[in-house]
1. Specify whether the C-alpha gyration tensor of the range 295-395 places it in the rounded, prolate or oblate class, a ≥ b ≥ c being the square roots of the eigenvalues: rounded for a/c under 1.5, otherwise prolate if a/b is larger than b/c and oblate if not.
2. On full extension of the chain, what length is gained from Phe308 through Asn131, given 0.36 nm per residue of separation minus the C-alpha to C-alpha distance?
3. For the range 176-231, with all protein chains present and a 1.4 Å probe, just round the carbon and sulfur fraction of the accessible area to a whole percent.
4. For the chain, what does -39500 (n - 2.57) per DSSP helix run (n ≥ 4), summed and divided by total residues, give at 222 nm, in deg cm²/dmol to the nearest 500?
5. Can you send over the carbon and sulfur percentage of the accessible area for the range 9-62, probe radius 1.4 Å, protein chains only?
6. Could you tell me which helices of the chain pass both thresholds, a Cα extent of 18 Å or more along their own axis and a mean Kyte-Doolittle hydropathy of at least 0.5, with helices taken as whole DSSP H runs?
7. Excluding residues fewer than 8 places away in the same chain, name every one of the lysines whose C-alpha is closer than 26 Å to that of Lys399.
8. Can you pull the percent of the range 529-623's accessible area that's carbon plus sulfur, 1.4 Å probe, other chains left in place?
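The values are calculated or read from the model by the stated rules, or taken from the named source; none is laboratory data. Owing to the predicted nature of the structure, the values given are computational and were not obtained by experimental measurement. All Cβ positions, even for glycine, are placed from backbone atoms using ideal geometry, and neighbour counts span all protein chains on display. Only protein heavy atoms, including side chains, enter the accessible area calculation; ligands, DNA and RNA are left aside. Shrake-Rupley method; radii C 1.70, N 1.55, O 1.52, S 1.80 Å.
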Amino acid sequence: MLFAGTNYHPHDWTRERWRHDIDLMRKASFNIVRLGHLCWDSFEPSEGDFTFEWFDEVMDFFHEVGIQVVLDIATRPAPTWLHKKYPEIDLVDSNGLRLEAQTRYMEDVGHPLFQEFAYRFAERLVSRYRNHPALYAFGLCNELGSGSPSYSSAARDRFKGWLSKKYETVDNLNKAWMTQRWSRKLNSFHDVVLPISGQVNGAPERMLDMWCFYSDEILVYMHGLSQIVKQLAPFVRESTNHWSENPGYGFDYLKQYQDIIDLPGIGFYPGTNPEDRKALVAACFFMDHRIGELDQPIWCLEFQTGDFGGYGSPRKAMRMYAYLSLAYRSQAVCAWTWRSMLGGEEQYVFGLVDHDGIPGWKYKEFKQIAEEFKLLKELGFPRRTKPEIAIAYSFQSMKVMAGNRSFYKTEYTEQVLQAYETLMLANVDCNIVNLRLLKKEYKILIVPGHAVMDKASAETIRSYVEDGGTVVMTAYSAKVNENNRVFDTPQPGELSDVFGIRCGSFMRTRSHTPIENAGGLEKTELNLEREKPIISIGGREVQPDIDYYEIIEAHTAELLAKFTNTLDKTPAVTRNRYGQGEAIYVAIPANTTFLKPLLEILFPTLGIETGPATPPGVVARKLEDGTVIYVNTTGTEQTMKLDMPASGFLSGKLFDNSLTLDAYDVELLMYPNINKGDQHR
């Protein structure tokens, strides 16, 4: 079934208001609510003093009206009393200054004392509500990966232990970190420091290990919460609204997600301006990222209703986003938030109910969503898919490329989103995968800007191609090994023979802002703007907006596309037969303008069927029963040609040769009396 509901914070409101709010939710046909997050001290106002009775009433009220609960295990933020009793759990910034816990997410997640109290609280909460009839699932905390890491002496000591376990001897560590550079050899693990001080970062090898250490700490903590649920409430599902892609902290979700989560969750925030295409693409991408290879529908545990200082999307756009999430495999949308908060950092994040407690037009629109979702469960929702295409995602590459913008001038996430948008335009599903642990078979594996190429990832690509797969890898990939050291072998590192090429030199096509060198002196780049390369492919020429391209030396690879306006007209794309499959290398960063014609060549030869043809900005997916969902994400009217007459499930209208959707409108087209195999494609 499908779920529509909201996030509710009963600790913000009086008991009298609870009944009123819950009745409004009932009248809106809500069937799910997310509770409990961000309020540890409402359950445990002082150490060991647990006060669950007030929340028992809330759970009972929701059960009375038939609304199920996703209950967050609210271990972040930690309560003030815990910070005051154990200041060692406080964050320490890169200057070594301890930070007072004056806003949220100010605790050191990896600190054993924090985890001791957090796990104790989790055990009490899970034990209390595991058998409550309103409970649907537990949430494993909120927004893990957000906030900041701690650079405390305790974190440094844990980092030493992590390195000791990984490298075993200090000699191995010295080799991995190339500590002979700048006279920085280590005599023992006791010499290790966190490689950051103020605004100065350490060597790239050390920085990557530091981020992997912090990532592992979050994964260990999340796994601990998951184990508590599995042990105390094995019959209850678990989800989480994390923020693994947070550029300032984050963690490697795909490394361990299959051992932690059985119900993928996300905060779905496509922005309040639907014309912001980048935000919309990112919101869809990270839903697929959370699913990974689980083949499970995703829960939008937070679903955007307003923004910081923005009342909300244009009318109809919120409903459009709800159907967009359905197209991308969601099962639930929980509005963030129910009522606009009267204080705190989010007092101008606007919810379904205004500050004065009166429902706004968004309440009515969400009521429409909930009522329609009730009708859709017979049509094949939530969508179950078996994607034939995978896109590789790398937390390590994100950190490596963000840490060296002198070379990696095109942001990693931007490259991944460019590749993903190419599939969006074709209305094709994909899985977001971890190269170190590929679980399923795919006809195409896209590897965009995967700067870090560890041996496990390289072996996955090698075996995948040998066994008959087609890999498409773009520039900036396989530049450094798992230690963030540039390869001393031909690039792409570990895979030069698979792709049959060598990538040595490269060219820039535009100047960039001044950068600082290691001594703090400004180094100004020449103000050059070369003509962007034109690529000839498939009988057409394209000129993508890029600032970098690589000079490919083809060895066993053959030319698939070339640059036509560069001095030496080197290959833009090569293909190499390796084993039973093909390895295709693209000499530019992942770019939708170019990847679109390239994939249009590959799809037919690999037997990949694209989705329904739509104008840009209209998303369409075909359900198992032949119904087709159309979502117009644009602010203008859009028209699609139809191959046969159809009826609109939502509008009740009949459509003959075409379907016209107003701005932000949606429709489900049904084709009666037609065999599934012959229905609209």
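1. Working: a/c = 2.82, a/b = 1.58, b/c = 1.78.
Cα axes put the range 295-395 in the oblate bin.
2. Computed gain between Phe308 and Asn131 is 60.0 nm.
3. 53 percent
4. That comes out to -9000 deg cm²/dmol.
5. 45 percent
6. Going by DSSP H runs, the hits are 277-291, 592-606.
7. Lys160, Lys165, Lys166, Lys175, Lys185, Lys255, Lys278, Lys409, Lys439, Lys455, Lys479, Lys523
8. On the way: 1980 of 4060 Å².
Roughly 49 percent, rounded to a whole number.
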